[in-house]
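The structure appears right after this line, and notes come after that.
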Amino acid sequence: MKRTLIYSLMAGAMAMGFSGCTDELEISQHGVLNYETYYQTDEDAQAAAAAIYLQMRGLAYNYLIAKNCLTDDFYAAGGGRNDNADFEQLNEFTFTPNQNLLQGMFESYYQIIYKANVVLGHVGEDSETKLRCRAEARVFRAFANFELTTLWGNPPVVDHELNSSEYSRPNGSTEELWALIESDLKEAIESGALKSKTSVNDKDTWQVTKEFAEALLGKAYLWQGKNAEAAAEFEKVIGSGLYDLYSDYENVIQVSAKNNCESLFETVRVYDKENVFDNWDFCGAMLRWRLDKMEMTDEFKAVFGTSQNYGFLAPTKDLYDAFVAEEGKNGYRLNATMKTYDQMRNIGMSLIVGQSIINEGYFMWKWRSGIDSCPSEGYGFCYTNNFRWMRLAEVYLLAAEANLAAGNQTKCDEYMNKVRTRAQVATKSGYTLADIQNEKRLELCGESVRFQDLLRWGLAYDKLKDNGARCPQLQSNGEVTYVTYNNDVNLYGFKKGKHEHLPYPETEIELNSAIEQNPGW
Amino acid sequence: MLVTTRKGKGEGKITYDFQLTKQSIAKVPEVMNAEEFMNYYLDAGLISKETFYNNWDFKTNTNWVDVAFETSTMQHHTLTFQAGSDKGSLYMSASILKNNGIVTGNADIYNRLTGMLNGSWKIKEWLNVESNNQVNYSKSKSVAEGSEYSSMLLTVLQLDPLTKATYTLEDMPDNMRRILNTTEYGELLSDGNGNYYGVSPFVTMENLNPLIMRDNALSENRGFNLSGSTALNFTPIKDLVFTSRIGYSLSSSEGYGVNHDYYANDSQHRNYVGLSASENSSTYYQWENFANWSHTFGDMHHASAMIGSSFSESRGYGVSGSYTGSDDDFGVKKDDPLFWYFAYATSTATKSLSGGEPSYSRKLAYFGRLSYDYGGRYLAQFSLRADAADSSVLPIDNRWGYFPAASLGWAITEEDFMQPTREVLDQLKLRASWGQNGSIASLGGYSYANVIASTGNYPTTQDGDYGYITGYAPTSTGNDELKWETSEQFNIGLDARFLSNSLSLTIDYYKKKTKDLIVTGITPSTVVGNASSPVNAGDIENSGVEIEIGYQKMIGELMLGARANMATLKNKVTYIHPSLKEGIGGTSFHTYGTITRFEVGHPAWYFYGYKFKGVNKETGNPEFYDLNNDGTIGTEDKTEIGKGMADVTYGLTLTAAWKGIDLIVFGTGSAGNDIFSCLNRSDYNVNKLTEFVENRWTPTNTNGTTPRAGANDMDKYMISDACVFSGNYFKIKQIQLGYTLPHDISLKAKMENVRIYCSLDDFFTFTKYPGFDPEVTGVGNSLGVDKGSYPNSKKVVFGLNVTF
């Protein structure tokens, strides 16, 4: 009897040990959705498109800092020499393919393309919303490819989600890339699915619009020298009547004028106290003036706060002089764009005696940010202003250039004068390309367009060859001295045969055996 | 899981062990003193003469190591009771450990109470029960280490020696006085006696005055853990034993943290308080059932067989939250430690909550083993196990891994024909084995799955009432083919003993091939546009020889012994997944790029960087080898510049005993490995290791071997072999001298055995490495990379051991 009892006990124990366990190995994952079955509803489609908007918004930091460092309008600046040496390398053309901002920008463009490809590959065409999301994905993909093509020349073409056998992508051809950009934009525009603003004062439309797509298409044509086509596209935007120059230039990119009548596309940030870190953005902190080296009046502090100010991107005297030459020291647009050190002292900020900063005596005012765009809950790392990707002034200046090149001087003059009127600069007629180039430098300084323009106009070498020759140091008494860090003229400044294209990031070269580096790198 | 448990033995015994340890920082890298610091930065032109004149008294020369570290004490008491008989055994112990680490003050402490109760009893002829249990309670505080951005160890190297550790109100410099009179920057921290922690006017970076770093935040952890196993062993018939065993671990830990308002420099300050608290509990159990049969046929044939299964589950559950102030909200109602709890946070403080979500991991395994031996002369064994991972780890289709193993042995000295040599050769045994093992590395969290998850919230209004759309996108590219990583090992060896067991020798040769290595966090190409899921990316081959020799000799009453061991290791990556054929990047250093790499034909995670050619005699800038001869130094000129893995590791133990005195000297070392020193940085004006600056290029020292102050291309220099050092070292881990009282004396005091000892642990290190401890660097893909890990301290130990 006893034996039987023991055996049955054992058998029971063994059986329990052996049975029923594989089911226990199924553990369901929380908080995620199934890739195979997602992308069915309108809501899914919008969520997939929203992921592209978020990606685009996240791009702004690298986009703004890198592209403005690569100009003759700014010094990298910051807390001192070697503070974010990455910025200095860009600014002085001493960077290598291992450049964090360029790598970040490059990766962001492909992440935008990936997310657009996900939408195009999975979202159906069976509703208005889905068609709109698809069209938006095409606009973003075209935007990313435009940037990649104009900056890198022949980046890999990625027009679908890659599977693991396709990871090593060779360079694309520039023609193929332009064709993809044009066809994406045309399809998006012709789909009729993209939104348009409801009126010139519509501040609520937050999506990319048909007009933004048309402006991008115009830009793509202009870059390819298809001037008449370009002019026609810009004409559609201008002719839509949905945009107007914002009268108050001083605030055109300020938090107080989000989505104003001039904006073609902004990525949105809001002040939401409970979710401030949804708006994490280091950009604001990096660009704010270097206040830790300043003495400030209480009035000044009340407006601009004191936390997390890193003082990068200080305007050059060359830029200031260009303004003065065009509109004089008291020019409306100059004063709305930047302030001299003396003006800043009057406003309530001056260097502590004994402190000095990298600065040539000028402080950006147009993109100033105070506590109104920098909620204290975000410790200075959150920035609630929208990022402006394109505004009507740029469209006018692109249109002026396209019309001039297409032989339509009248249109060119008309658009130039629109911009100059708002800037309170004298109007005239018979503008030349050089006039347009100068106007664009002033009107859009700090708005991330100049480097690609200089490359296109063939002026990059002339304007950028001396970047890095010297570095200004502003003393508390307003005196500017210069320090030379780069001794060898062969090692700084724009170099012909090399800097016409950005280098493919070192990581990509290391990982992708099919890609070829750009010449000179 | 193999756990050695302590079992009671023999007649009742009571033992008391006591250990007192004095510990201090062992090896400190040499950095520039105040004057050298000034000269360096004047040479570099990065700090102006005026700044030095305004901010240095030309006397201060702070040694931050002395500020940050001190000699501290550790105490360990253990009391044990044990007894055993043929019916069963009992083992009971209690111990207290109190350790105050080497950081000045009470910032790194570890206190632990442990109790243990192990027992077994043969309650029936056919049933033996056994239970082993341990419970401990611990309390700890710690400081930051091991990151180039926030390590107390790096701080003491990088802060300038011109700033004092503390200042009084009277001698406080302007850059600190300015903060005293404002509120917007936060508070100057002090020791409470009017000594304010110094703020450097020269160095602003993440690594702060170590005293500020220590005191600007409080982080305490407490927890208890109950673990053990309980088993039933049935013996229904002779030779057959069924075992059912349940292993368990129940633990709970709580964390409590306060981030104070503080000012450390212009980019590191805070004028409000943050509170955080967390509570986590985890449960684990493993249930194993197996049957073991063994039988001897005749005199010589002995066979056994085992079959069984195992199932385990671990569950984690916790909640954590925080309240944080902001520039215009102090966060708590009063700046008083009695108010530093959630209940007294301001109503406007930012709240965050996380957790409340259980996580599980489960494993299932079946296993079996057959073994046979013939008179202890010929031995053979075969085993097979099947392991299954749960769906958070591997895709369902690949969840099972099957791992066989086999071994053979031949005890030659058991053969009749070896009898004549027995006098010299006591034992000679040949062994050979082959087996496979499975690993799922650190997989978990459904990393193989291609799923859709939130990427954030995008606002659809400009202001006011917040409308958002949540963005959803695939989290990664997914990998349905992910499977077990397998390592296959072949081993052949011999054991020998000579001269009445006084000389012993063990030699092994092994070859281990790791297949389908699981690599996580890789990027196959940035144009893919999404993170890659883990892949079975490559094969690694390791081979080596392990030798151990021991010798013991009695000369009169003097017993001498020596034991030496040595292991060689050759490591090479032999295959890599085609989508990653260019290699996989590992750890990186600041923004200078990846410094370790996994690539075919190289050791796993070898150091990757530029080859430093020397300093240009004219400019003082560093120059590098242009390996592809294209006239410029670029990515393609990076190459293998070292490896973290040692070619040889070795150990040596010497023992001597004479009457009641015993002595042991024990040391270990390694050779052939390199260390990548990440203790410098070139982007801020920080102090530097003397090694890198003392023979630098200057206009008058154009033969200098390191670049001039403020040289170009320092970002390449930092990831060149100029920063790679030989990691060869030999460390005497222990010199212990003990004395056991003569038996008759201890018996008079009613004690069976009394031994006292003292020992120097980790005291002497022989190495050329200029950093901290060559024995302590990163692990995994940062093996051999030194980012300022907490070094082993050197210790003086006094111990007492009494048995009643």
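Points to keep in mind about this one:
- Qualifying residue in region B:551-574 (condition: closer than 30 Å to B:TYR717 by Cα, free of Cβ contacts under 8 Å to residues at least 60 places away in the same chain and within 11 Å of chain A (Cβ to nearest Cβ)): no
- Among residues of region B:684-703, those that are in a strand (DSSP E or B) and touching a Leu at 6+ places or on another chain (Cβ under 8 Å), counted: 1
- Restricting B:SER314, B:SER310, B:SER354, B:SER282 to those that are surrounded by fewer than 14 Cβ atoms within 10 Å (Cβ to Cβ) and either assigned to a strand (DSSP E or B) or of a type in the set (S, T, N, Q) (or both) reduces the list to B:SER354.
- Scanning region A:264-289 for residues that are assigned to a loop (DSSP other than H, G, I, E, B) and more than 9 Å from chain B (Cβ to nearest Cβ) turns up A:ASP281, A:ARG288, A:TRP289.
- Residues in region B:768-797 that are closer than 23 Å to B:ARG681 by Cα and β-branched (Val, Ile, Thr): 4 in all.
- The lone exception for B:ALA531 - which of (1) modelled with pLDDT under 85; (2) crowded, with 22+ Cβ neighbours inside 10 Å; (3) out of contact with any helix residue (DSSP H, G or I) (no Cβ under 9 Å at 6 or more places or on another chain) it fails: (2)
- Within region B:336-390, the set of residues being more than 14 Å from chain A (Cβ to nearest Cβ), modelled with pLDDT under 90 and under 35 Å from the mean Cα position of the chain (by Cα) comprises just one member, B:PRO337.
- When region A:356-387 is filtered for residues that are within 11 Å of another protein chain (Cβ to nearest Cβ), polar (S, T, N, Q) and part of a loop (DSSP other than H, G, I, E, B), the ones remaining, listed by number, are A:THR384, A:ASN385, A:ASN386.
- Counted residues, region B:536-568 - those being out of contact with any Ser or Thr (no Cβ under 9 Å at 6 or more places or on another chain) and loosely packed, with under 15 Cβ neighbours inside 10 Å: 4
- Residue within region A:502-511 that is modelled with pLDDT of 95 or more, in a loop (DSSP other than H, G, I, E, B) and either of a type in the set (Lys, Arg) or surrounded by fewer than 21 Cβ atoms within 10 Å (Cβ to Cβ) (or both) present: no
- Qualifying residue in region B:735-752 (condition: of a type outside the set (Asp, Glu) and within 14 Å of chain A (Cβ to nearest Cβ)): no
- Flag if B:LEU663 is over 26 Å from B:ASN571 (Cβ atoms) and of a type outside the set (Phe, Trp, Tyr): yes
- A:THR129 satisfies every condition listed in (1) in contact with a helix residue (DSSP H, G or I) (Cβ under 7 Å, 6 or more places away or on another chain); (2) polar (S, T, N, Q); (3) under 23 Å from A:LEU59 (Cβ atoms) except (3).
- Residues of region B:496-555 that are hydroxyl-bearing (Ser, Thr, Tyr) and within 30 Å of B:PHE666 (Cα to Cα): B:SER500, B:SER502, B:SER504, B:THR506, B:TYR509, B:TYR510, B:SER543, B:TYR551.
- Qualifying residues in region B:609-644 (those that are β-branched (Val, Ile, Thr) and assigned to a loop (DSSP other than H, G, I, E, B)) - the one surrounded by the fewest Cβ atoms within 10 Å (Cβ to Cβ): B:THR632
- Some residue of region B:126-134 being touching a residue at least 12 places away in the same chain (Cβ under 8 Å) and touching a Cys at 6+ places or on another chain (Cβ under 9 Å): no
- Scanning region A:65-121 for residues that are of a type in the set (S, T, N, Q), within 11 Å of chain B (Cβ to nearest Cβ) and not in a helix (DSSP H, G or I) returns A:ASN82, A:ASN84, A:THR94, A:THR96, A:ASN98, A:GLN99.
- Some residue of region A:149-171 being among the basic types (Lys, Arg), in a helix (DSSP H, G or I) and within 12 Å of another protein chain (Cβ to nearest Cβ): no
- Scanning region A:122-148 for residues that are touching a Phe, Trp or Tyr at 6+ places or on another chain (Cβ under 6 Å) and within 13 Å of chain B (Cβ to nearest Cβ) yields A:HIS122, A:VAL123, A:ALA144, A:LEU148.
- Some residue of region B:94-107 being closer than 30 Å to B:LEU232 by Cβ and either out of contact with any Phe, Trp or Tyr (no Cβ under 6 Å at 6 or more places or on another chain) or without any contact (Cβ under 8 Å) to a residue 60 or more places away in the chain (or both): yes
- Restricting B:LEU747, B:LEU737 to those that are assigned to a strand (DSSP E or B) and of a type in the set (A, V, I, L, M) reduces the list to B:LEU737.
- Figure legend. Inter-residue proximity from region B:646-674: first residues buried (at least 17 other Cβ atoms within 10 Å of the Cβ), second residues among the aliphatic types (A, V, I, L, M) and not in a strand (DSSP E or B), beta-carbon distance below 7 Å, spacing 6+ or different chains. Indicated pairs: B:ALA646/B:LEU569; B:ASP647/B:LEU569; B:SER670/B:ALA646; B:ASN673/B:MET645; B:ASN673/B:ALA646.
The values are calculated or read from the model by the stated rules, or taken from the named source; none is laboratory data. Computed from a predicted model, the values in this text were never measured in an experiment. Note that each Cβ is placed from the backbone with ideal geometry, even for glycine, and that neighbours are counted across all protein chains shown.
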